[in-house]
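Everything below concerns the one structure shown next.
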Amino acid sequence: MASSQPLTSSVQPTDVYGGDEVSAIILDPGYSSVRAGFAGEDAPKSFISSYYGFHNDRQIFGDDDTHNPLPGMEIRNPMSKDGVVEDWDVAKSLWHYSITSRLVPMKQTDPRTNGLNDDTKDMDVEMEGTEEEEKPLEEHPLLMTETAWNPSKNREKSIEIAMEEWGCPAFWLQRNSVLAAFAAGKATALVVDVGATITSVVCIHDGLILKKSIQKSPLAGNWVSSQIRALWNTSEPKIDLIPHFMIAAKTPVDAGAPAQATYQKFENITDSFRTREEERVLTEFKESVVQVWPGPGRLSSPNPAGTTNVDYVKAQPGRVFEFPNGANQMWNVERMNVVEGLWDEKAAIPIPGEPAVTKGQTIPEMIKASVNAVDMDLRAALLQNVVVTGGTTLINGFTDRLNQELLNMYPGTRIKINAAGLTTERRFGSWIGGSILGSLGTFHQMWISKKEYEEFGAGVVEKRCK
């Protein structure tokens, strides 16, 4: 009789990963930011910049502190421009910070044993033992994202950190482009991901990446910023890029008039800190002023009226941008020129000291190369499921232009673009896909358990996470 009664919550099994008892944590690291949160939620609770400050031999994480103009502080990043980890010690600390600062509080230790009430003479001896006990993730399975080109040794390092150093009970590693497709409700898709430092085009079939189709290029958000910088350096008169932290006060001035501002002086500001602060201004310009020529045709091509599209844009009203020092200026066709190089290599503004943009690095050519690398029978299904993700795709007019370019390349083919309307969904596409996957009941059996890891070692991630 007793056996047929339902189990109360106190005796229900608590080792069901991702069940009601335990929430999985989704960690989505990238070059510009680290996103972390619980499975089943619609946006990451923790959003931390991947850039960190290095000052007096200590690492400083989090936006608030890294924007402080401390003398001699260097700004660094543990990721390579390809989105692959380069500095594991820092990456591990950064990811741990992103989880413990917002999601899982550090466990409070027993005041009798935490050493805070001890005589300071005995401190050094005791510290090693307390470090071992503090593993705030030992109750949470961890689902982590990775790029489609992440090398095997990095994949194995990820599971080692999760299992051995953080004590996670279960782990899974999933490609971010597959998760972006899942977030759009697709198992088969052509994923166009334009992030901060890399643009990638990947074909996915039934939730698996088609390795031959992987195309990537450095023409992404930071490249657009460098195009804006080149535009400002070559404009007449040349625009001085003065970041926010240097402005003490400013007076409003008319458009085109010289700035009237008082500046703050700081000692020993490093080049890396200054560059990062200048990037903030470039990002503001990118988000509020820059627009992609939506089509039809390229920006430089003629239109039916007998003029070029450039002439048409010049006749339209421009947009004003106010610089941190109060100077403001109207931007017309230039705001489209800075992103035209993503589509047309001839339109890219030359950047001193950097190689010229090649045709193969543009988005249309990457899509063509990616689609041509897969089986003929799959191409129609892929072009009907084009998933657009990544923060840079939020530039005004991006999806319209992508649609035009696809129609030009594949006339007569049915093209359907899936681009989330909400800003958060587009920026956090792969995280949201991970959140959906980690909360599915059917996914519970997929996790790599601690026991499995101990039995097969780090190589298990290569066998299981395809």
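The values are calculated or read from the model by the stated rules, or taken from the named source; none is laboratory data. Predicted model only: the values in this text are computed from it and were never measured. Neighbour counts are summed over all protein chains in view; Cβ atoms, including those assigned to glycine, are modelled from backbone coordinates with ideal geometry. All accessible areas refer to the heavy atoms of the entire protein, side chains included, with ligands and DNA or RNA removed. Shrake-Rupley method; radii C 1.70, N 1.55, O 1.52, S 1.80 Å.
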Search result, residues across the range 417-466 that are among the β-branched types (Val, Ile, Thr), over 30 Å from LEU407 (Cβ atoms) and touching a helix residue (DSSP H, G or I) at 6+ places or on another chain (Cβ under 8 Å) | ILE436, ILE448, VAL460, VAL461
Mind checking whether some residue in the range 269-286 is outside any loop (DSSP other than H, G, I, E, B), in contact with a Gly (Cβ under 6 Å, 6 or more places away or on another chain) and more than 21 Å from ASN77 (Cβ to Cβ)?
-> no
Expected output for the range 233-258 (first residue under 14 Å from PHE285 (Cβ atoms), partner among the acidic types (Asp, Glu), Cβ below 6 Å, 6+ apart or cross-chain) is LEU241/GLU278; PRO243/GLU277; PRO243/GLU278
Contact list, first residue from the range 209-228 and more than 25 Å from LEU173 (Cβ to Cβ), second anywhere and of a type in the set (Asp, Glu) and buried (at least 19 other Cβ atoms within 10 Å of the Cβ), beta-carbon distance below 8 Å, six or more apart or interchain, is ASN222/GLU279; SER225/GLU279
Quick one: how many residues across the range 189-222 are hydroxyl-bearing (Ser, Thr, Tyr) and assigned to a strand (DSSP E or B)?
-> 3
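Here is a yes/no grid of residues against (1) open to solvent by less than 10 Å² (accessible area, probe 1.4 Å); (2) in contact with a Cys (Cβ under 8 Å, 6 or more places away or on another chain); (3) closer than 16 Å to ALA36 by Cα; (4) among the aliphatic types (A, V, I, L, M):
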site	(1), (2), (3), (4)
LYS135	no, no, no, no
LYS153	no, no, no, no
GLU160	no, no, no, no
GLU165	no, no, no, no
LEU173	yes, yes, yes, yes
ALA180	yes, no, yes, yes
ALA187	no, no, no, yes
Exclusive hit being within 19 Å of TRP431 (Cα to Cα) and either open to solvent by 30 Å² or more (accessible area, probe 1.4 Å) or at pLDDT 95 or above (or both), set GLU41, GLU86, GLU21 | GLU41
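Just to be sure, is MET106 modelled with pLDDT of 60 or more and in contact with a helix residue (DSSP H, G or I) (Cβ under 9 Å, 6 or more places away or on another chain)? Break it down stepwise before answering.
Numbers: modelled with pLDDT of 60 or more: no; in contact with a helix residue (DSSP H, G or I) (Cβ under 9 Å, 6 or more places away or on another chain): yes.
Considered against the rule, which asks whether it is modelled with pLDDT of 60 or more and in contact with a helix residue (DSSP H, G or I) (Cβ under 9 Å, 6 or more places away or on another chain), MET106 comes out as no.
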